[in-house]
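The values are calculated or read from the model by the stated rules, or taken from the named source; none is laboratory data. This is a predicted model, so every value here is computed, not measured. Positions of Cβ are generated from backbone atoms using ideal geometry, with glycine treated the same way; all protein chains shown enter the neighbour counts. The protein model used for the area step is the full one, side chains on, heavy atoms only, and it has no ligands, DNA or RNA in it. Shrake-Rupley method; radii C 1.70, N 1.55, O 1.52, S 1.80 Å.
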Amino acid sequence: IDRSPEMLRVARGKLTASGTEGWDLRQGDIMALPLEDALGDTVVLHQVLHYLPAPEAAIVELARIIAPGGRLLIVDFAPHELEFLREKHAHRRLGFAHDEIASLLQECGLDVEEKRDLAPFTKNDGQLTVSIWVGRDRRVVTDLIPRGNREVA
């Protein structure tokens, strides 16, 4: 899901070229996703939070669509001081600390399952550390029949 038709076009091209199947791209707003509650077993938010005026609201909305026991995987930048990214690339935030994301996940009913930093291979100026957080919905899974295998009598 992306608000930008251009980003969806780029994603469609990359997914098609990779031979990946089973995907669905939709235009939409991350603050009001066009999806039902408790839909996703795994939801991925990749390099988006640093652009948003209210990252906490986006995490609340993503938590809404996670199924009981599901996961939210967030990939974004660790804290940094590259101010030029605000003007040149419209970054609203200069990265996120682990405790900040962990607190937001906890407030949404997600337990931090994993956090990891991927530092640049070299120490050149302008290279950023990427952080990954995995939050798991703490609700108990009670329906053991996968959605795709249900039969209606």
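Please check: in the Gaussian network model of the chain (C-alpha springs, under 10 Å), which one of Gly109, Gly13, Gly40 has the largest mean-square fluctuation.
Comparing Gly109, Gly13, Gly40 in a Gaussian network model of the chain, the most mobile one is Gly13.
How much of the pair distance distribution for the chain lies past 18 Å, counting alpha-carbon pairs only, in percent?
Roughly 64 percent, rounded to a whole number.
Quote the FRET efficiency, to the nearest 0.05, computed for Arg9 versus Arg138 with a Förster distance R0 of 25 Å and r equal to the Cβ-Cβ distance. Spell out each step's value before the answer.
Working: r = 37 Å, r/R0 = 1.49.
The value I calculate is 0.10.
When the helices in the chain are scored as -39500 (n - 2.57) per DSSP H run of 4 or longer and the sum is shared across all residues, what 222 nm value do you end up with, to the nearest 500 deg cm²/dmol?
Computed ellipticity for the chain at 222 nm equals -7500 deg cm²/dmol.
Could you report the accessible area of Lys115 in Å², rounded to 10, computed with a 1.4 Å probe on the protein chains as they sit in the structure?
Its accessible surface works out to 130 Å², give or take rounding.
Using the basic label-point model (7 angstrom from Cα toward the beta carbon), what is the Lys115 to Ala17 distance in nanometres?
So the two model labels end up 3.5 nm from each other.
Can you tally the net charge around Gln27? Count Lys and Arg as +1, Asp and Glu as -1, for every other residue whose Cβ sits under 11 Å from the Cβ of Gln27.
That sum, taken over residues with Cβ under 11 Å, equals 0.
So which residue, out of Leu35, Leu45, Leu62, gets the largest mean-square fluctuation from a GNM of the chain using Cα contacts under 10 Å as springs?
Leu35
I'd like the antiparallel share, as a percent to the nearest 5, of DSSP beta bridges with both residues in the chain.
Expressed as a percentage, antiparallel bridges in the chain total about 70.
Can you sort Phe121, Phe77, Phe96, Phe84 by solvent-accessible area, 1.4 Å probe, largest first?
Heavy-atom accessible area, descending, gives Phe121, Phe84, Phe77, Phe96.
Which of the lysines could a cross-linker bridge to Lys123, judged by Cα under 21 Å and excluding same-chain residues fewer than eight apart?
Straight-line reach from Lys123, under 21 Å: no lysines qualify.
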